[in-house]
Amino acid sequence: MTPSNLHLPQHLPKPRGFGRTNRTDSWWLQPIVVFIGLSIFIVYSTWAAFQGVNYFYDGGGSSYLSPFYSPVIFGSEGHPWFGARPDMWPTWLPFSPALLILWAPGGFRFTCYYYRGAYYKAFWADPSNCSVGEPRSCYRGENSLPLILQNIHRYFMYIAVIFIGILAYDAWLAMWFTDSDGVEHFGIGVGTIILTINAFLLGGYTFGCHALRHIVGGKFKEISKHKAHKKAYECVTCLNKRHMLFAWTSLIWVGFTDLYIRMCCIGVWTDWRIF
Ligand code: FES
(Lines give C-alpha, C1' and ligand atoms only; values in the text may rest on other atoms or scores of the structure.)
Protein backbone atom coordinates (compact mmCIF):
# COMPACT_ATOMS: atom_id res chain seq x y z
CA MET A 1 0.00 0.00 0.00
CA THR A 2 1.45 3.38 -0.92
CA PRO A 3 0.80 6.58 1.02
CA SER A 4 -1.19 7.96 -1.91
CA ASN A 5 -3.92 5.35 -1.69
CA LEU A 6 -4.18 5.23 2.11
CA HIS A 7 -7.38 7.28 2.02
CA LEU A 8 -9.11 4.91 -0.40
CA PRO A 9 -11.25 1.97 0.80
CA GLN A 10 -9.00 -1.07 1.13
CA HIS A 11 -10.32 -4.49 0.21
CA LEU A 12 -9.69 -7.24 2.69
CA PRO A 13 -7.35 -9.95 1.37
CA LYS A 14 -9.60 -12.85 2.41
CA PRO A 15 -13.24 -11.86 2.80
CA ARG A 16 -15.11 -14.10 5.21
CA GLY A 17 -18.80 -14.27 5.99
CA PHE A 18 -19.95 -12.38 9.05
CA GLY A 19 -18.86 -14.21 12.21
CA ARG A 20 -16.92 -16.89 10.31
CA THR A 21 -13.53 -17.81 11.70
CA ASN A 22 -11.12 -20.65 12.25
CA ARG A 23 -10.73 -19.65 15.87
CA THR A 24 -11.85 -22.28 18.34
CA ASP A 25 -11.65 -20.17 21.51
CA SER A 26 -14.46 -18.07 23.03
CA TRP A 27 -13.72 -15.03 20.84
CA TRP A 28 -17.32 -13.81 21.19
CA LEU A 29 -17.10 -13.44 24.98
CA GLN A 30 -15.00 -10.27 25.07
CA PRO A 31 -17.21 -8.19 22.74
CA ILE A 32 -20.33 -9.29 24.62
CA VAL A 33 -18.85 -8.30 27.98
CA VAL A 34 -17.72 -4.96 26.54
CA PHE A 35 -21.15 -4.38 24.99
CA ILE A 36 -22.98 -5.08 28.24
CA GLY A 37 -20.51 -3.14 30.42
CA LEU A 38 -20.48 -0.02 28.25
CA SER A 39 -24.24 -0.13 27.71
CA ILE A 40 -24.91 -0.21 31.45
CA PHE A 41 -22.53 2.69 32.01
CA ILE A 42 -23.98 4.79 29.19
CA VAL A 43 -27.56 4.26 30.39
CA TYR A 44 -26.73 4.99 34.03
CA SER A 45 -24.49 8.01 33.39
CA THR A 46 -27.05 9.54 30.99
CA TRP A 47 -29.81 9.07 33.54
CA ALA A 48 -27.65 10.52 36.34
CA ALA A 49 -26.54 13.46 34.21
CA PHE A 50 -30.12 14.53 33.53
CA GLN A 51 -31.23 14.35 37.19
CA GLY A 52 -29.73 17.72 38.10
CA VAL A 53 -30.19 17.04 41.85
CA ASN A 54 -28.77 14.81 44.60
CA TYR A 55 -25.22 15.19 43.36
CA PHE A 56 -23.87 17.00 46.43
CA TYR A 57 -24.03 15.31 49.81
CA ASP A 58 -23.74 17.71 52.70
CA GLY A 59 -24.50 15.76 55.85
CA GLY A 60 -22.74 14.51 58.94
CA GLY A 61 -20.33 17.43 58.72
CA SER A 62 -18.86 16.27 55.43
CA SER A 63 -19.57 17.21 51.84
CA TYR A 64 -19.08 15.06 48.79
CA LEU A 65 -19.53 16.13 45.18
CA SER A 66 -20.35 13.59 42.48
CA PRO A 67 -17.62 13.36 39.81
CA PHE A 68 -20.34 13.51 37.14
CA TYR A 69 -21.04 17.08 38.27
CA SER A 70 -17.58 18.37 39.11
CA PRO A 71 -16.83 21.21 38.69
CA VAL A 72 -20.25 22.82 39.24
CA ILE A 73 -20.20 25.80 36.89
CA PHE A 74 -23.90 26.55 37.31
CA GLY A 75 -26.13 24.66 39.71
CA SER A 76 -28.41 24.70 42.71
CA GLU A 77 -26.29 22.38 44.88
CA GLY A 78 -22.65 22.37 45.89
CA HIS A 79 -20.65 25.52 45.37
CA PRO A 80 -21.42 26.70 41.83
CA TRP A 81 -18.98 29.12 40.25
CA PHE A 82 -21.62 31.41 38.72
CA GLY A 83 -25.10 30.75 40.09
CA ALA A 84 -28.04 28.42 39.71
CA ARG A 85 -28.71 28.32 35.96
CA PRO A 86 -27.39 30.21 32.95
CA ASP A 87 -29.88 32.83 31.68
CA MET A 88 -29.40 31.72 28.10
CA TRP A 89 -30.30 28.07 28.82
CA PRO A 90 -33.29 27.10 26.59
CA THR A 91 -36.49 26.75 28.63
CA TRP A 92 -37.50 23.60 26.74
CA LEU A 93 -34.26 21.82 27.73
CA PRO A 94 -34.06 20.38 31.27
CA PHE A 95 -31.10 21.93 33.04
CA SER A 96 -28.46 19.87 34.78
CA PRO A 97 -24.95 21.04 35.76
CA ALA A 98 -23.57 17.74 34.47
CA LEU A 99 -24.58 18.63 30.92
CA LEU A 100 -22.13 21.55 30.97
CA ILE A 101 -19.08 19.43 31.74
CA LEU A 102 -19.62 15.78 30.84
CA TRP A 103 -18.76 16.37 27.18
CA ALA A 104 -15.09 16.59 28.25
CA PRO A 105 -14.57 13.29 30.12
CA GLY A 106 -17.13 11.65 27.82
CA GLY A 107 -15.24 12.80 24.73
CA PHE A 108 -11.96 11.69 26.27
CA ARG A 109 -13.26 8.17 26.82
CA PHE A 110 -15.08 7.95 23.53
CA THR A 111 -11.92 8.78 21.56
CA CYS A 112 -9.54 6.70 23.76
CA TYR A 113 -7.44 4.29 21.69
CA TYR A 114 -8.34 1.38 23.95
CA TYR A 115 -12.07 2.05 23.94
CA ARG A 116 -12.10 2.55 20.18
CA GLY A 117 -10.71 -0.94 19.68
CA ALA A 118 -13.19 -2.31 22.22
CA TYR A 119 -16.42 -0.67 21.06
CA TYR A 120 -15.66 -1.00 17.34
CA LYS A 121 -15.69 -4.74 18.01
CA ALA A 122 -18.57 -4.80 20.47
CA PHE A 123 -21.00 -2.31 18.90
CA TRP A 124 -20.49 -2.59 15.17
CA ALA A 125 -18.46 -5.76 14.71
CA ASP A 126 -15.53 -4.11 12.99
CA PRO A 127 -14.59 -6.96 13.26
CA SER A 128 -16.21 -8.78 16.20
CA ASN A 129 -12.75 -9.98 17.13
CA CYS A 130 -9.40 -10.62 15.44
CA SER A 131 -9.61 -13.04 12.50
CA VAL A 132 -13.42 -13.08 12.59
CA GLY A 133 -15.46 -12.20 9.51
CA GLU A 134 -17.20 -8.83 9.60
CA PRO A 135 -20.43 -7.61 8.00
CA ARG A 136 -18.71 -5.48 5.35
CA SER A 137 -16.29 -6.06 2.51
CA CYS A 138 -14.01 -3.03 2.69
CA TYR A 139 -12.10 -1.12 5.30
CA ARG A 140 -11.95 2.65 5.43
CA GLY A 141 -10.00 2.96 8.67
CA GLU A 142 -10.01 6.32 10.43
CA ASN A 143 -8.82 8.30 7.44
CA SER A 144 -12.15 9.83 6.51
CA LEU A 145 -15.25 11.27 8.15
CA PRO A 146 -16.62 10.58 10.63
CA LEU A 147 -13.93 8.47 12.32
CA ILE A 148 -11.11 10.81 11.39
CA LEU A 149 -12.52 13.05 14.13
CA GLN A 150 -11.19 10.53 16.66
CA ASN A 151 -7.85 12.30 16.23
CA ILE A 152 -9.20 15.00 18.52
CA HIS A 153 -8.29 12.67 21.40
CA ARG A 154 -5.10 14.47 22.37
CA TYR A 155 -7.01 17.72 22.89
CA PHE A 156 -9.51 15.96 25.14
CA MET A 157 -6.50 14.62 27.02
CA TYR A 158 -5.32 18.14 27.89
CA ILE A 159 -8.75 18.90 29.39
CA ALA A 160 -8.90 15.53 31.16
CA VAL A 161 -5.65 16.30 32.98
CA ILE A 162 -7.27 19.46 34.39
CA PHE A 163 -10.26 17.40 35.50
CA ILE A 164 -7.97 15.08 37.46
CA GLY A 165 -6.72 18.07 39.42
CA ILE A 166 -10.31 19.13 40.15
CA LEU A 167 -11.34 15.63 41.26
CA ALA A 168 -8.26 15.33 43.47
CA TYR A 169 -9.26 18.63 45.06
CA ASP A 170 -12.79 17.27 45.64
CA ALA A 171 -11.25 14.27 47.42
CA TRP A 172 -9.18 16.66 49.55
CA LEU A 173 -12.29 18.66 50.50
CA ALA A 174 -13.99 15.39 51.46
CA MET A 175 -11.32 14.96 54.16
CA TRP A 176 -12.60 17.90 56.16
CA PHE A 177 -15.53 17.63 58.53
CA THR A 178 -17.32 20.34 60.45
CA ASP A 179 -18.27 18.98 63.85
CA SER A 180 -21.15 20.12 66.06
CA ASP A 181 -18.86 22.70 67.69
CA GLY A 182 -18.54 24.38 64.29
CA VAL A 183 -14.83 23.63 64.03
CA GLU A 184 -13.38 22.00 60.95
CA HIS A 185 -11.40 18.80 61.52
CA PHE A 186 -9.49 16.44 59.33
CA GLY A 187 -11.41 13.19 59.06
CA ILE A 188 -12.16 10.20 56.92
CA GLY A 189 -15.59 8.91 56.01
CA VAL A 190 -16.50 6.10 53.64
CA GLY A 191 -17.29 8.79 51.06
CA THR A 192 -13.80 10.23 51.50
CA ILE A 193 -12.29 6.87 50.61
CA ILE A 194 -14.59 6.44 47.65
CA LEU A 195 -13.76 9.89 46.25
CA THR A 196 -10.03 9.35 46.80
CA ILE A 197 -10.05 5.99 45.02
CA ASN A 198 -12.03 7.63 42.23
CA ALA A 199 -9.38 10.32 41.72
CA PHE A 200 -6.63 7.69 41.88
CA LEU A 201 -8.22 5.40 39.28
CA LEU A 202 -9.14 8.24 36.93
CA GLY A 203 -5.60 9.59 37.33
CA GLY A 204 -4.16 6.16 36.50
CA TYR A 205 -6.34 6.02 33.41
CA THR A 206 -5.60 9.58 32.25
CA PHE A 207 -1.86 9.54 32.91
CA GLY A 208 -1.52 6.24 31.07
CA CYS A 209 -2.99 7.74 27.88
CA HIS A 210 -1.25 6.75 24.64
CA ALA A 211 -1.37 10.35 23.40
CA LEU A 212 0.24 11.61 26.60
CA ARG A 213 2.94 8.95 26.27
CA HIS A 214 3.77 10.25 22.83
CA ILE A 215 3.79 13.87 23.97
CA VAL A 216 6.06 13.37 26.99
CA GLY A 217 8.62 11.18 25.27
CA GLY A 218 7.48 9.14 22.29
CA LYS A 219 8.12 11.97 19.86
CA PHE A 220 11.88 11.98 20.52
CA LYS A 221 14.25 9.96 18.34
CA GLU A 222 16.74 9.51 21.20
CA ILE A 223 14.87 9.92 24.43
CA SER A 224 17.93 9.06 26.52
CA LYS A 225 19.22 12.54 25.69
CA HIS A 226 16.23 14.11 27.46
CA LYS A 227 16.44 13.01 31.09
CA ALA A 228 13.21 14.61 32.40
CA HIS A 229 11.23 13.40 29.39
CA LYS A 230 12.68 9.91 29.79
CA LYS A 231 11.51 9.75 33.40
CA ALA A 232 8.05 11.02 32.48
CA TYR A 233 7.92 8.57 29.57
CA GLU A 234 8.75 5.66 31.86
CA CYS A 235 6.04 6.70 34.33
CA VAL A 236 3.40 7.04 31.62
CA THR A 237 4.52 3.75 30.08
CA CYS A 238 4.14 2.03 33.43
CA LEU A 239 0.50 3.15 33.61
CA ASN A 240 -0.02 2.64 29.89
CA LYS A 241 0.76 -1.08 30.26
CA ARG A 242 -2.32 -1.28 32.51
CA HIS A 243 -4.45 1.07 30.42
CA MET A 244 -7.27 -1.41 29.90
CA LEU A 245 -7.35 -2.22 33.61
CA PHE A 246 -7.54 1.47 34.55
CA ALA A 247 -10.09 2.08 31.80
CA TRP A 248 -12.53 -0.41 33.31
CA THR A 249 -11.86 0.09 37.00
CA SER A 250 -12.13 3.88 36.68
CA LEU A 251 -15.30 3.57 34.60
CA ILE A 252 -17.00 1.32 37.14
CA TRP A 253 -15.76 3.32 40.10
CA VAL A 254 -16.79 6.72 38.79
CA GLY A 255 -20.31 5.39 38.26
CA PHE A 256 -20.33 3.84 41.73
CA THR A 257 -19.09 7.12 43.25
CA ASP A 258 -22.04 8.98 41.75
CA LEU A 259 -24.40 6.25 42.95
CA TYR A 260 -22.96 6.35 46.48
CA ILE A 261 -23.38 10.12 46.80
CA ARG A 262 -26.86 9.94 45.28
CA MET A 263 -27.90 7.24 47.75
CA CYS A 264 -26.52 9.24 50.69
CA CYS A 265 -28.37 12.36 49.46
CA ILE A 266 -31.74 10.63 49.42
CA GLY A 267 -31.10 8.86 52.72
CA VAL A 268 -30.95 5.29 51.44
CA TRP A 269 -27.33 4.83 52.50
CA THR A 270 -25.54 6.28 55.52
CA ASP A 271 -22.07 7.71 55.18
CA TRP A 272 -20.09 6.19 58.04
CA ARG A 273 -17.35 8.33 59.51
CA ILE A 274 -14.25 6.31 60.28
CA PHE A 275 -12.49 8.99 62.35
S1 FES B 1 -5.50 6.36 24.76
FE2 FES B 1 -6.91 5.84 26.30
S3 FES B 1 -7.08 7.70 27.35
FE4 FES B 1 -5.76 8.25 25.71
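The values are calculated or read from the model by the stated rules, or taken from the named source; none is laboratory data. Since the structure is predicted, the reported quantities are computational estimates derived from the model, not experimental observations. So basically every Cβ, Gly included, is an ideal-geometry build from the backbone, and we count neighbours across all protein chains shown.
Those residues that are assigned to a helix (DSSP H, G or I) and either away from the ligand (no atom under 16 Å from the Cβ) or modelled with pLDDT under 95 (or both), I need them from region 156-189; list them, please.
Within region 156-189, the subset assigned to a helix (DSSP H, G or I) is 156-173.
Once the filter is applied, which keeps residues that are assigned to a helix (DSSP H, G or I) and either away from the ligand (no atom under 16 Å from the Cβ) or modelled with pLDDT under 95 (or both), region 156-189 yields Gly165, Ile166, Ala168, Tyr169, Asp170, Ala171, Trp172, Leu173.
Just wondering, is there one or more residues in region 233-256 that are over 29 Å from Gly37 (Cα atoms) and either surrounded by 14 or more Cβ atoms within 10 Å (Cβ to Cβ) or more than 13 Å from the chain's Cα centre (by Cα) (or both)? Even if it seems obvious, please write down each step before you answer.
Of all residues in region 233-256, those over 29 Å from Gly37 (Cα atoms) come to 233-234.
Those still in the list that are either surrounded by 14 or more Cβ atoms within 10 Å (Cβ to Cβ) or more than 13 Å from the chain's Cα centre (by Cα) (or both) too: 233-234.
The answer is yes; a qualifying residue exists.
Within region 44-60, which residues are on the phi > 0 side of the Ramachandran plot and touching a Lys or Arg at 6+ places or on another chain (Cβ under 8 Å)? If you could, list the steps in order and put the result at the bottom.
Here is the first cut: in region 44-60, the ones on the phi > 0 side of the Ramachandran plot are 52, 54, 60.
Result: Asn54, Gly60.
Taking the residues in region 108-155 that are within 16 Å of the ligand (Cβ to nearest atom) and of a type in the set (Val, Ile, Thr) as candidates, determine which candidate is farthest from Gly37 (Cα to Cα).
Ile152
Yes/no matrix, rows are residues, columns are (1) in a helix (DSSP H, G or I); (2) closer than 30 Å to Trp28 by Cα:
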residue	(1), (2)
Trp92	no, no
Ala104	yes, no
Phe108	yes, yes
Tyr115	yes, yes
Ser128	no, yes
Ser131	no, yes
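Consider Pro105 against the criteria (1) within 16 Å of the ligand (Cβ to nearest atom); (2) surrounded by 15 or more Cβ atoms within 10 Å (Cβ to Cβ); (3) more than 14 Å from the chain's Cα centre (by Cα): it satisfies all of them except one. Which criterion is unmet?
Looking at each condition in turn, Pro105 falls short on (3).
In this structure, is Gly208 surrounded by 14 or more Cβ atoms within 10 Å (Cβ to Cβ), within 13 Å of the chain's Cα centre (by Cα) and in a helix (DSSP H, G or I)?
Numbers: surrounded by 14 or more Cβ atoms within 10 Å (Cβ to Cβ): yes; within 13 Å of the chain's Cα centre (by Cα): yes; in a helix (DSSP H, G or I): no.
So Gly208 fails the test.
Take region 111-125 and flag every residue that is without any contact (Cβ under 8 Å) to a residue 12 or more places away in the chain and crowded, with 16+ Cβ neighbours inside 10 Å.
In the first step, residues of region 111-125 are kept if they are without any contact (Cβ under 8 Å) to a residue 12 or more places away in the chain; the result is 117, 120, 124.
Answer for region 111-125, where residues must be without any contact (Cβ under 8 Å) to a residue 12 or more places away in the chain and crowded, with 16+ Cβ neighbours inside 10 Å: just Tyr120.
Is it the case that Ile36 is part of a loop (DSSP other than H, G, I, E, B), surrounded by fewer than 16 Cβ atoms within 10 Å (Cβ to Cβ), modelled with pLDDT of 95 or more and not polar (S, T, N, Q)?
On the way: part of a loop (DSSP other than H, G, I, E, B): no; surrounded by fewer than 16 Cβ atoms within 10 Å (Cβ to Cβ): yes; modelled with pLDDT of 95 or more: yes; not polar (S, T, N, Q): yes.
So Ile36 does not fit the description; no.
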